[in-house]
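Novice: The structure is given below, and queries will be raised subsequently.
Just so it is clear, none of the values below were taken in a lab; they were calculated from the coordinates. What you are looking at is a predicted structure, and each value in this text was computed from that prediction instead of being measured. Backbone-built Cβ (ideal geometry, glycine too); neighbour counts: all protein chains shown.
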Amino acid sequence: MTAYSSSDKDIKYYDNFSLRYKKKDLLSFDKPAIYEFSKIVECLNLSKPRKIIEVGCGVGAYILALARSGHDVTGVDTSCASLNLLKLNAKKYKLSKKISTVCKNYSKPFFRNKFDIGLCISTYHVFSENEQERIRIFANFTKSIKRGGIILLVEPNPLNPLFYIFYLFFPNVQRKNIKTFLGSTETKLKTMLSSAGFGLITVRHIGFLPLRFIRYSHLVITINETINKIPIVKKFSSFHYITARKL
């Protein structure tokens, strides 16, 4: 779960949202999470231990999984309740030495050239309701990545018609995010990455039917991956998985 916003109202929302994970085993992934995490790993060079930072990490399930694989991972979020839950689980799994947390927003950069990999997973569109502010926060975050390092930016695709059903009708969804995720077009995201000093930009189109349906049938994966191979149709995928290298 992504939890990242600077407003007091949003921080309270994510603090409360984190409570539903309090009794859950964060390393016991369900089928959608297993699939999503596998796609994240496919995008990254994790053949040796890396220093990784994730912005908007929420309760940090993927941070725990990466730490268990031998990587040093830092989670940044504005929800201290979410990060406290991450720290409790890090202690539970004896991963505290591999995980650090920062409860802070990126209104200013606070790491510079420190990490091999930066992750921004379904978080960019919730940075701010203002597009220029989102770009500024993202640029501050990318300063933490070393020259030659990799960023993985995952964002919902506004061309996917099923997202509008999700935002309008599913419970516990912040409706206002429908306005901000409209700005996460492939073209805008690539332009933003270029402006932030990244090159070798690669876009992967992932999904079409909601990943949560994988719980009921593996056929959903087959359908999605078939759609993702069709040149025109793949533009309507659920997510953009964009990797880029810092120049």
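Novice: Given the peptides 221-232, 57-68, arrange them by the average over their residues of other C-beta atoms within 10 Å, most packed first.
Specialist: Descending packing order for the listed peptides: 57-68, 221-232.
Novice: For the chain, what is the convex hull volume of its Cα atoms per residue in Å³?
Specialist: In the chain, the Cα hull volume divided by residue count equals 120 Å³.
Novice: Relative contact order, percent, of the chain when contacts are C-alpha pairs under 8 Å separated by at least 6 residues? Before the final figure, lay out each step's value.
Specialist: Details: 461 pairs, mean separation 46.7, N = 247.
With pairs under 8 Å counted, the relative contact order is 19 percent.
Novice: Based on a Kirkwood Rh over C-alpha pairs, give the Stokes-Einstein translational diffusion coefficient of region 60-177 at 4 °C and viscosity 1.567 mPa s in µm²/s.
Specialist: Values: Rh = 15.8 Å.
D = 82 µm²/s.
Novice: Return, in residue-number order, each cysteine of the chain whose C-beta is not under 4.7 Å from any other cysteine's C-beta.
Specialist: Isolated Cys, the chain: CYS43, CYS57, CYS120.
Novice: Find which of ASN105, ILE117, ASN157 sits farthest along the positive direction of the dipole of the chain, computed with +1 on the beta-carbon of Lys and Arg, -1 on that of Asp and Glu, about the Cα centre.
Specialist: Working it through, the farthest residue towards the positive pole turns out to be ILE117.
Novice: Right, here's the next one. So, in Å, what gap is there between the alpha-carbon centers of region 19-70 and region 136-167?
Specialist: That distance is 16 Å.
Novice: Short version: ³J(HN,Hα) in whole Hz for each residue of region 105-114, in order, from phi by Karplus 6.51 cos²θ - 1.76 cosθ + 1.60 (θ = phi - 60°), x for Gly and Pro, what are they?
Specialist: In residue order, the calculated couplings are 9, 9, 4, 9, x, 10, 10, 9, 6, 10 Hz.
Novice: Just from its helices, what would the mean residue ellipticity at 222 nm be for the chain, if runs of 4 or more DSSP H residues each count -39500 (n - 2.57) and the sum is divided by every residue, rounded to the nearest 500 deg cm²/dmol?
Specialist: Working: 9 runs with 89 residues, N = 247.
Only helices count here, giving -10500 deg cm²/dmol.
Novice: Another question, then. If R₀ is 30 angstrom, what is the calculated FRET efficiency for the pair VAL233 and SER194, using the beta carbon separation as r and rounding to 0.05?
Specialist: That pair, VAL233 with SER194, gives E of 0.70.
Novice: While we're on this one: Taking only the Cα atoms of region 194-238, how large is their convex hull per residue, in Å³?
Specialist: On the way: hull volume 4.3 nm³, N = 45.
Each residue corresponds to 95 Å³ of Cα convex hull volume.
Novice: What spacing in nm lies between the two simple spin-label points modelled at ARG136 and LYS22, each 7 Å away from Cα in the Cβ direction?
Specialist: Going by the 7 Å Cα→Cβ label model, 3.6 nm.
Novice: Here's something else I'd like to know. Rounded to the nearest 5, what % of DSSP beta bridges with both residues in the chain are antiparallel?
Specialist: 40
Novice: Given the options SER96, THR74, LEU46, identify the residue whose Cα lies farthest towards the positive end of the charge dipole of region 1-126 (+1 on Cβ of Lys, Arg; -1 on Cβ of Asp, Glu).
Specialist: Of the listed residues, the answer is SER96.
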